[in-house]
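Nothing in this text is a laboratory measurement; each read-out follows from the coordinates by a stated rule. Treat the numbers as computed from the prediction; the structure is a model and nothing was measured. For neighbour counting, all protein chains shown are included, and Cβ atoms are generated from backbone atoms with ideal geometry for every residue, glycine included.
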Amino acid sequence: MFDSIGNSWSLIKSSAKILDADRELLIFPILSSVAVLLLTAVFFVPMLLVGYFGRVANQGLQVVDYLILFLFYLIQYLLIFFSNTALVGAAMIRIRGGDPTIRDGLKIATDRFTNIFLYALIASTVGMLLSLIKERGNVLSKIVVSLIGFVWNVASFLVVPILAVEDVGPVEAIKRSVGYLKKTWGEQLVGSFSIGLVFNFLILLVMGAGALLIVLLANSGAQAWTFVSVFVVAVIFILGISLINSTLTGIYTAAVYQYAATGEAGSFFELDAVQNAFRPTARRNIF
C-alpha cells in the first residue's frame, strides 16, 4: 500500500515538473472544457425552448432522438480527443527534450484531424451501444457491459499518444495500444488512477470545507452575499483542481507511452515509477 502511495506521489511530482516547465499546457483542457460547454448549450438550450424534454418524457426516445444523441456524443468526443491529442503531443515534445508551444500542440492535432475524427466515431459508437445495452438490460447485462467498458478503456489507454506520435489510423492505434499494454500489463494502472484519486480527494476536501463554512455562516446569521461568495470560491477551486488533474493525467499518459514504446520515460520521470505503473506479471492477461 505504502509503495503504491509513494509511487503515485512520484508520478504526480514528475508530471508537475513538466507542467511547471510548460504551464501553457493548461490551455488545452481549458479549450476542451469551454468547447464542450458551448456544444452542450448549442444542443440542449434549443431543445429546452421547444419542449423537447417534455416530449421525450411522455413518448420516450424515438429513432431521431438516438441520432441526435449520437451526433452529440460524436462531436463531444471529437472536441475532447482533439484537445487531448494537442496536450499529449506537446507533452511528448517536452519529454523528448524539446520546448513545445501551444501552436505545436494544435498543429499536431490539426495534422491528425482525420484520424482523430475516425477514432471519435469509433469511441462514440462503442459508448452509445454500451449505454443503450446498460439502460435496457438486466442486472447481469449491466455488469457485463461495465466489464466491457473497463476492457475498452484499458485497450484504448494509449490511443491518443499513438495518434499524436505515430500518425496511424484509429484501428491500428487501438491495436498498437493493446500491444504496448500487453508487454507491460500488471495488476493495475496505478498512475492515472492514483492521480485521479488524489485530486478527487482534494475536491472532496474543498466541498467539505465549503459546506462547513456555509453552516457556520448560517448559524451566525450572515448575509446572503457571503453564501454566494463561498459557493463561487469553492467552484473556482474545484474547476482549478479538475483542470490540473486533466493536464497531469495527459502528461502522465504521454510518459507511459514513451516508456511502453521506447523503454525510456524521459528525464522528468523516475524510470522505476513508470515501470511500477505497469507491474509485470504472469498471472493475468485480459487481452
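Observations
- Distance between the pseudo-spin-label points of residue 20 and residue 151 (7 Å out from Cα toward the beta carbon): 4.3 nm.
- Candidate lysines - alpha carbon under 27 Å from residue 175, same-chain residues fewer than 8 apart omitted: 107, 134, 142, 183
- The dipole here belongs to the stretch 5-157: it is taken about the Cα centre, uses +1 on the Cβ of Lys and Arg and -1 on the Cβ of Asp and Glu, and is about 220 debye.
- Potential lengthening between residue 69 and residue 143 on full extension [0.36 nm per residue; Cα-Cα distance subtracted]: 24.3 nm
- Whole-percent P(r), the stretch 2-277, all Cα pairs, 5 Å bins from 0: 1, 5, 10, 13, 15, 15, 14, 11, 8, 5, 2, 1, 0.
- Nitroxide proxy distance, nm - points 7 Å out along Cα→Cβ at residue 203 and residue 125: 3.1 nm
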